[in-house]
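These notes are about the structure you will find just below.
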Amino acid sequence: MPVRMPVRRTAAAALAVLALTATAACGKSGSPTAGAPSTGYTVRTDVKLDGSATFAAAKARGKLVIGAKADQPGLGFEDITANTRNGFDIEIARMVAADLGFPESQIEWRTIDSANRETALAGGQIDYYVGTYSINDKRKTQVSFAGPYYLAGQDLLVRKDNTDITGPESTKGRRVCTVTGSTSVDAIRTYGAEVTTFGSYSQCVDKLITKDVDAVTTDDAILKGYAAQNPGELRVVGKPFTTEKYGVGLNKDDKVLRAAVDDALKAHEDSGDWKAAYDRTLGTAGSAAPQPPALERY
Ligand code: GLU
């Protein structure tokens, strides 16, 4: 078996690939700062959130603890060597933090897999979570959501030479990999796929490359990042079959914080920060920034 690079590469390598893809896709050169962390958002001072237990605890400890993904290029990616995080979700998390009065130096990032998000929020291990987290009624019985701040759709990632998987219908009896505790599991099961699950999507991508599975399924935004990391080997089928509304996950009881996070999202959408963040991250693969979805406050 040929020796191959592990899927988790440095952010610099991943971004170089994204920048190259952008060059190929639209004929203009990728930004030299593609995917680079923002230069920072204006940090508000004297923020008061009476009635938010989460905010009071964060203030008292002098740090905001944010849950995120670490292996999703373009969305939530940790460059272990440089000790930095980058991606669209990370930028959303930073914008919100700035509006709550916390600069980057007062953010403590915690990597949390899909299956552990509700427990982490309900148990107060994190103050909020930003990581391809779909808003749905089942989750709303345990946590709450600000947003949505982005719309994705479940799709399929296959090896480039695969011609038989053309959409979810053709996964019947095929080996499809996804992540425990995600919305992707149930959605693909309805099509009769033989489903394998892991804790993170990069583990599924490894199995796809080694031909232990025929496809990986989850949100198109996530899969595009892996396709850009492995351009010679993998491609996204491109037939989204669900709608995933990404929200900022919060403790269920903290309505005051939820309203403040919705306000922060709105402010950064209106100011152009949202679009600038998209262009620097997900947008480097060549697609124009969509309109941010309307917030669904409750
Ligand atoms: N957005 C889907 C979910 O929240 C799939 C991606 C993920 O697991 O984070 O379950």
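Of the residues making up the range 238-256, those that are within 16 Å of the ligand (Cβ to nearest atom), more than 15 Å from the chain's Cα centre (by Cα) and either small (Gly, Ala, Ser) or open to solvent by 30 Å² or more (accessible area, probe 1.4 Å) (or both) number 3.
For the range 132-155, residues that are away from the ligand (no atom under 13 Å from the Cβ) and buried (at least 20 other Cβ atoms within 10 Å of the Cβ) total 2. Taking the condition of a type outside the set (Phe, Trp, Tyr), within 12 Å of the ligand (Cβ to nearest atom) and in a helix (DSSP H, G or I), does Val205 pass? No; evaluated as a whole, the condition is false for this residue. Taking the range 276-298 as the range and being of a type in the set (Ser, Thr, Tyr), modelled with pLDDT of 95 or more and open to solvent by 40 Å² or more (accessible area, probe 1.4 Å) as the test, only Tyr298 passes.
Which of the residues that make up the range 49-79 are within 18 Å of Val205 (Cβ to Cβ) and in contact with a Ser or Thr (Cβ under 8 Å, 6 or more places away or on another chain)? Matches in the range 49-79: Lys69, Ala70, Asp71, Gln72, Gly74, Leu75, Gly76, Glu78, Asp79. Candidates are the residues of the range 156-173 that are in contact (Cβ under 8 Å) with a residue 60 or more places away in the chain and in contact with a Gly (Cβ under 8 Å, 6 or more places away or on another chain); the one that is least open to solvent (accessible area, probe 1.4 Å) is Leu156. Restricting the range 80-101 to residues that are over 24 Å from Pro292 (Cα atoms) and more than 19 Å from the chain's Cα centre (by Cα), the residue that is most open to solvent (accessible area, probe 1.4 Å) is Thr81.
The values are calculated or read from the model by the stated rules, or taken from the named source; none is laboratory data. The shown structure was predicted, so the numbers you read here are calculated from the model rather than taken from an experiment. Virtual Cβ from ideal backbone geometry, glycine too; neighbours counted across all protein chains shown. Just the protein is used for accessible areas: all its heavy atoms, side chains included, with ligands, DNA and RNA removed. Shrake-Rupley method; radii C 1.70, N 1.55, O 1.52, S 1.80 Å.
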